Amino acid sequence: MLETGKFKKSELSGNFHRVWKMLQSFISAAHFFQSLFTWESPRRSFVAFLAYVMIIWNFELYMLPIALLLLFLKNYTDIYVRKTRLSPLEALQASGPFGSEDEDDDDKQSIIQRINALQEILTKVQQVLDMIASFGERCHNAVTWSVPYLGWLAVICICLLTILLYFIPFRLILLLWGINKFTKRLRNPHYVDNNELLDYLSRVPSSVQLHQYKSFSSDHKSSSPGNSRKKKN
């Protein structure tokens, strides 16, 4: 049984920053891969391009656990051999007891400062939850025909993809996709890269937007001149 803990602003702030730190690491990784496609560092992008072509052309399933082993070996080398990074336990010990400084700050802060700090944290939590919930609702609404023409567009694209995968090897499709992705900026320096799947989902309304649209439509119909004339008659 889990014990029901007492609400603490410092604990809420610490948990939020832990989650936010994880999100920041994913965002940093996405920016790094995006920099490879935009050739911000030509040497790094060229090496990544050659590595991508060689890996896709020679890829086999047994290479997946090998990649995980390389990740473990890299982190072990950085922490215990090269000493370029602290282990998680050492980093935690160096930073002191978790949450102690926040609890001391809670004791020193006035009630107004606590309320303002809590309001700021809750606002950030609300924004993150809204972003996650909207993304999930858009994925759900995309397959439930909330917008019919977007549903038909997805069906046509999936049918074309099925035909491509049936006649063309998946390895070749990945190879052509990577070559096109890496060379777009070289072929057109002013090209603005985008993600077609995210662009599609951004056009699918969330449940909140659907509810607002239905409320607006019902209000517009009730206030239309035709309905007002019927009420007078």
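A few points about this structure:
- Considering (1) at pLDDT 90 or above; (2) farther than 21 Å from residue 178 by Cβ; (3) surrounded by 10 or more Cβ atoms within 10 Å (Cβ to Cβ), the lone condition that residue 65 does not fulfil carries the number (3).
- In the range 146-172, residue surrounded by the fewest Cβ atoms within 10 Å (Cβ to Cβ) [restricted to those that are not hydroxyl-bearing (Ser, Thr, Tyr) and not in a helix (DSSP H, G or I)]: 169
- Scanning the range 162-208 for residues that are more than 26 Å from residue 147 (Cα to Cα) and β-branched (Val, Ile, Thr) yields a total of 5.
- Residue list for the range 36-62, restricted to those being open to solvent by less than 60 Å² (accessible area, probe 1.4 Å) and assigned to a loop (DSSP other than H, G, I, E, B): 38, 39, 41
- Of note, residue 121 does not satisfy the criterion of being exposed (fewer than 10 other Cβ atoms within 10 Å of the Cβ) and either at pLDDT below 80 or within 15 Å of residue 13 (Cβ to Cβ) (or both).
- Members of the range 190-206 that are open to solvent by less than 90 Å² (accessible area, probe 1.4 Å) and either of a type in the set (Phe, Trp, Tyr) or part of a loop (DSSP other than H, G, I, E, B) (or both): 191, 193, 194, 195, 200, 204, 205, 206
The values are calculated or read from the model by the stated rules, or taken from the named source; none is laboratory data. Predicted model only: the values in this text are computed from it and were never measured. Note that each Cβ is placed from the backbone with ideal geometry, even for glycine, and that neighbours are counted across all protein chains shown. The accessibility values were calculated without ligands, DNA or RNA, using every heavy atom of the protein model including side chains. Shrake-Rupley method; radii C 1.70, N 1.55, O 1.52, S 1.80 Å.
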